[in-house]
Amino acid sequence: KRTEEALKESEERYRDLFENANDMILSVDIDGYFNYVNQAWKDILEYGNNDIAKLTIYDVIHEDSRAKFNEVFAGCKNGENIDLVELIFVTRDGRNVYVQGSVNCKFVNGKMVSTRAIFRDVTQRKKAERERNRLFETSRDLIAILDFEGQFHDLNPSWTQTLGYSEQEFKQISILDLINPE
């Protein structure tokens, strides 16, 4: 009886952890149908329990991510653990959700039976990166990334427009070469 109670408590702890995780946790069978998804997955992608039984992973993978997903799936079949992958999922209402996570496979008798994955919604980070890149490219201010010796690693177009050097020329000089010693 104590063993049964301990097992029940253990199951409740894992169920609580699974259902209350902020990250999206899912498993997909070899045909792409969902074995399970957690509450975060349902909340983020806006699907209900009745929807999930009818969906495959291909219904929620954005067409721009399908080739990458197939590559990940093939790697899993070969026993690889995919530690970092970025994909785009599509919500029930058609919004794109950018995710980053890891995927591995479950094998039974040497045969793959399912994938398991944990993904984090990185949509806001991707949006901020796009905005940063837009500002970087369109700013009239001179913006550059330099190393500790003053070598250029990246610079926005304002550098070439203002000083007349090509981007390649900037990468061959130091910012110190541009400073008047006086």
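According to the Kirkwood relation over distinct C-alpha pairs, the hydrodynamic radius of segment 85-136 is 13.1 Å. Here the Karplus relation 6.51 cos²θ - 1.76 cosθ + 1.60, evaluated at θ = phi - 60°, turns the backbone of segment 24-34 into coupling constants of 7, 10, 8, 9, 10, 7, 5, 8, x, 7, 6 Hz, with x for every Gly and Pro.
The count of lysine pairs in the chain whose Cα atoms are under 20 Å apart, excluding pairs fewer than 8 places apart on the same chain, comes to 6.
In terms of packing, defined here as the mean over residues of other Cβ atoms within 10 angstrom, the peptides 135-147, 103-115 line up highest first as 103-115, 135-147. When the solvent-accessible area of the chain is split by element, carbon and sulfur atoms take up 47 percent of it, the probe being 1.4 Å. Quick one: among E71, E169, E19, which has the greatest mean-square fluctuation in a GNM of the chain with alpha-carbon springs under 10 angstrom? Ranking E71, E169, E19 by mean-square fluctuation puts E169 first.
Taken over the alpha carbons of segment 22-137 as equal point scatterers, the Debye sum produces base-10 log I(q)/I(0) values at 0.14, 0.15, 0.22 Å⁻¹ of -0.58, -0.65, -1.30.
Solvent exposure of the chain, expressed per residue, is 68 Å² of accessible area, with all protein chains present and a 1.4 angstrom probe.
Subtracting the Cα-Cα distance of I175 and K106 from their residue separation scaled by 0.36 nm leaves 19.5 nm. Place a point 7 Å from the Cα of E149 along the Cα-to-Cβ direction; which residues of segment 163-182 have their backbone N under 18 Å from it? From segment 163-182, the list is 168-179.
Between helix 2-20 and the chain there is an angle of about 40 degrees, using the helix long axis and the longest principal axis of the Cα atoms. Positive contributions from Lys and Arg (+1) and negative ones from Asp and Glu (-1), summed over other residues with Cβ under 12 Å from the Cβ of F170, come out at -3. Summary value for segment 4-117: 23 percent relative contact order, contacts being C-alpha pairs under 8 angstrom separated by 6+ residues.
The magnitude of the dipole of segment 70-135, with charges of +1 and -1 set on the Cβ of Lys/Arg and Asp/Glu and taken from the Cα centre, is near 180 debye. Computing FRET efficiency as 1/(1 + (r/R0)^6) for N49 and N78, where r is the C-beta to C-beta distance and R0 is 35 Å, gives about 0.60. Rg over Rh for segment 110-180 works out to 1.30, both radii taken from alpha-carbon positions and Rh defined as the Kirkwood radius.
The values are calculated or read from the model by the stated rules, or taken from the named source; none is laboratory data. The model shown is predicted, which means the values in this text are computed figures rather than measured ones. Reconstructed Cβ throughout: ideal geometry from the backbone, glycine too, with neighbour counts over all protein chains shown. We work out accessible area using only protein heavy atoms, side chains counted, and drop any ligands, DNA or RNA first. Shrake-Rupley method; radii C 1.70, N 1.55, O 1.52, S 1.80 Å.
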